[in-house]
Amino acid sequence: MSAKHQGHEGSLTTYVVGVVLSIILTVIPFYMVMNHSLSVGYLMAVVWTLAVIQIAIQARFFLHLDRYSEGGWNLLSLWFTIMVVGIIVVGSLWIMTHLNMNTMSMPMNHS
């Protein structure tokens with residue numbers, strides 16, 4: 001760890017900046033949804049984008065995940081976890097969709 005980053009993890013300034021950014025990233029989409037500022041499609045895009053940015057902000061300022069912590073292994077393990085969960089979720093949805101489409105349905109008797 002370089003001298004530049006020593007002592008900055010867990011400082012009050014780090015937490016205050018994280019909280020302020022999180023509040024801003026929560027208030028903006030809330031305001032936009034309550035005022036119907038955009039169409040539904042654009043609104044969903046804004047909400048999802050700001051949610052992903054907020055996840056990154058919280059990982060950096062509260063969990064202290066960056067390339068300097070633990071030699072970068074914490075960040076690497078986070079990316080690996082995200083990749084595995086993404087593969088499991090997308091694969092499960094793909095299997096369920098194709099399983100439903102490819103199953104043989106029983107013919108109905110109309111007696």
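Taken together, the values in this text are just the output of simple stated rules run on the coordinates, not laboratory data. Keep in mind that what you see is a predicted model, and the values were worked out from it rather than measured. Neighbour counts are summed over all protein chains in view; Cβ atoms, including those assigned to glycine, are modelled from backbone coordinates with ideal geometry.
Laid out as a table, the results:
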| quantity | calculated |
| --- | --- |
| Complete set of residues in the range 52-79 that are touching a residue at least 24 places away in the same chain (Cβ under 8 Å) and of a type in the set (A, V, I, L, M, F, W, C) | I53, I57, F61, F62 |
| Selection count, the range 35-82, where residues are farther than 25 Å from G18 by Cβ and surrounded by fewer than 11 Cβ atoms within 10 Å (Cβ to Cβ) | 5 |
| Residues within the range 49-78 that are in a helix (DSSP H, G or I) and in contact with a Phe, Trp or Tyr (Cβ under 8 Å, 6 or more places away or on another chain), tallied | 1 |
| Candidates V90, V33, V46, V85, filtered to the one that is assigned to a helix (DSSP H, G or I) and touching a Pro at 6+ places or on another chain (Cβ under 7 Å) | V46 |
| Hits in the range 17-66 - residues which are among the small types (G, A, S) and under 14 Å from the mean Cα position of the chain (by Cα) | S22, A45, A51, A56, A59 |
